Amino acid sequence: MAKPPLRFDLAVIAQELREKAGQTVLDVGCGDGALMAVLRDDCGIDARGIEIDAELVEKCVSRGLSVVQGDANRDLADYPDNAFDYTVLGQTLQTSARPDKTLEELLRVSRTAFISFPNFAHWRTRSALLFSGRMPVTQALPVSWYETQNIHHVTIEDFRRLVNERGARIERRWFFSGGEEIGTPGANWRAEFALFEVSR
């Protein structure tokens with residue numbers, strides 16, 4: 001049975017790591033383990049995961065994936081320095097209690113992190129706030145404000161500034177709208193999602 005396609009940001013990460021056989025990756029907030037399975041099976045990567053949802057952990061383990069249940073807000077601190085070659089945080093930064101501390105922890109346990117998030121400066125989000133005066137419900141943000149797990153409304157420019165303030169470097173970046181990659185110009189208002197490769 002063919003594997004379902006990866007979400008667009010995870011597909012880019014898998015492509016970037018395709019030639020990194022033998023490397024180690026920690027997928028933080030790994031969900032159902034879709035990225036980990038591709039990294040393990042198609043790329044020859046030693047992929048590990050941490051996930052807060054017990055049902056998703058069980059699903060991962062049933063697929064033979066190495067996943068532990070844990071809360072990244074607390075449990076990343078238990079990993080030693082430089083334990084992995086790469087860390088991945090896929091569309092989870094905005095749900096973390098302290099995104100700045102999460103970034104620091106990702107770059108402590110690995111030298112390079114792939115981090116993706118919804119861009120709250122996208123033009124549809126801005127328009128909804130401007131014209132309706134209400135928190136938007138869009139394709140990228142599909143639930144009402146009181147249901148969402150998003151507690152920090154990060155924009156592309158906010159993230160760039162945070163990386164700079166923490167003395168880290170943006171190595172590469174990708175921007176997406178409608179699940180398709182778009183160019184860099186005007187990305188802070190054109191992109192629904194962003195993916196950054198960050199190193200220290």
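Tabulated values for the structure
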| item | result |
| --- | --- |
| Candidates Asp42, Asp75, Asp32, filtered to the one that is farther than 18 Å from Thr112 by Cα, out of contact with any helix residue (DSSP H, G or I) (no Cβ under 9 Å at 6 or more places or on another chain), acidic (Asp, Glu) and touching a residue at least 12 places away in the same chain (Cβ under 8 Å) | Asp75 |
| Matching residues in region 169-191 - criterion: being within 19 Å of Val88 (Cα to Cα), in contact with a Ser or Thr (Cβ under 8 Å, 6 or more places away or on another chain) and surrounded by 15 or more Cβ atoms within 10 Å (Cβ to Cβ) | Arg173, Phe175 |
| Which listed residue, of Ala47, Ala34, Ala72, is crowded, with 18+ Cβ neighbours inside 10 Å, under 17 Å from the mean Cα position of the chain (by Cα) and at pLDDT below 95 | Ala72 |
| Only one of Val88, Val67 that is in contact with a strand residue (DSSP E or B) (Cβ under 8 Å, 6 or more places away or on another chain), in contact (Cβ under 8 Å) with a residue 12 or more places away in the chain, surrounded by 22 or more Cβ atoms within 10 Å (Cβ to Cβ) and within 22 Å of Asn164 (Cβ to Cβ) | Val88 |
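Yes/no matrix, rows are residues, columns are (1) small (Gly, Ala, Ser); (2) under 23 Å from Ala47 (Cα atoms):
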site	(1), (2)
Gln91	no, yes
Ile115	no, yes
Ser127	yes, no
Pro142	no, no
Trp174	no, yes
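The values are calculated or read from the model by the stated rules, or taken from the named source; none is laboratory data. Keep in mind it's a predicted model, so treat the numbers as computed, not measured. Because the Cβ atoms are built from the backbone with ideal geometry, glycine has one as well, and the counts that use them run over all protein chains shown.
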